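Participant: Here's a structure for you.
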Amino acid sequence: MESMLQNQESVFLIGMMAVGKTTIGKLLADALGYTFYDTDDVIRERSGADIPWIFDVEGEDGFRNREQNVIEELTHLPSIVLATGGGAVLREANRRTLSMRGRVVYLFADVDTIVARASQNNNRPMLAGRDLASRVTQLMNDRGPLYSQISDIRVESTACRAQETVRTLLKSLISRS
């Protein structure tokens, strides 16, 4: 399947937290024969700390600096699938880098789905101590236009199983090659 994508172009997954970027990204990378990376995982590995700790100690700006450096570095690699953090699009440099260096896929889900999935994970500093539905709605309103601005493909992950979403995504990627 890898030869179906033009020049083995890398694929970058953007979207809100809990839409399935990591799960779908791993499956997509397997299907394409690509290497999978998750920006949050790379940041955790390199810093030796979890994301909430980085937010507590360095603040959101410190975390975003780390994230920007990882995106800048990884997007130079050939034939990868990269799952970005939900807020990666907040920085113009990240939007520009992602747009220029590969195919950008916007994975999206409805608020209820995101809340249900996110409530099972305490590692989300942007949601800590807040009314989840209100916060997710606010983040979607703030970030949605940025996701749309740089996406080449938009795929819903609300009701589908991850494998179905990957099949839909593969069809879209191949048809646009």
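Participant: Only one of 140, 126 is part of a helix (DSSP H, G or I), surrounded by 13 or more Cβ atoms within 10 Å (Cβ to Cβ) and at pLDDT below 85. Can you tell me which?
Facilitator: So the residue among 140, 126 that is part of a helix (DSSP H, G or I), surrounded by 13 or more Cβ atoms within 10 Å (Cβ to Cβ) and at pLDDT below 85 is 126.
Participant: Can you name the helices (runs of 4 or more DSSP H) wholly within the stretch 20-94 that have at least 3 residues being buried (at least 20 other Cβ atoms within 10 Å of the Cβ) and in contact (Cβ under 8 Å) with a residue 40 or more places away in the chain?
Facilitator: Qualifying helices (runs of 4 or more DSSP H): 21-32.
The values are calculated or read from the model by the stated rules, or taken from the named source; none is laboratory data. On a predicted model such as this, the values are computed, not experimentally measured, just so you know. Methodologically, a virtual Cβ is constructed for each residue, glycine included, from the backbone with ideal geometry; neighbour enumeration extends over all protein chains shown.
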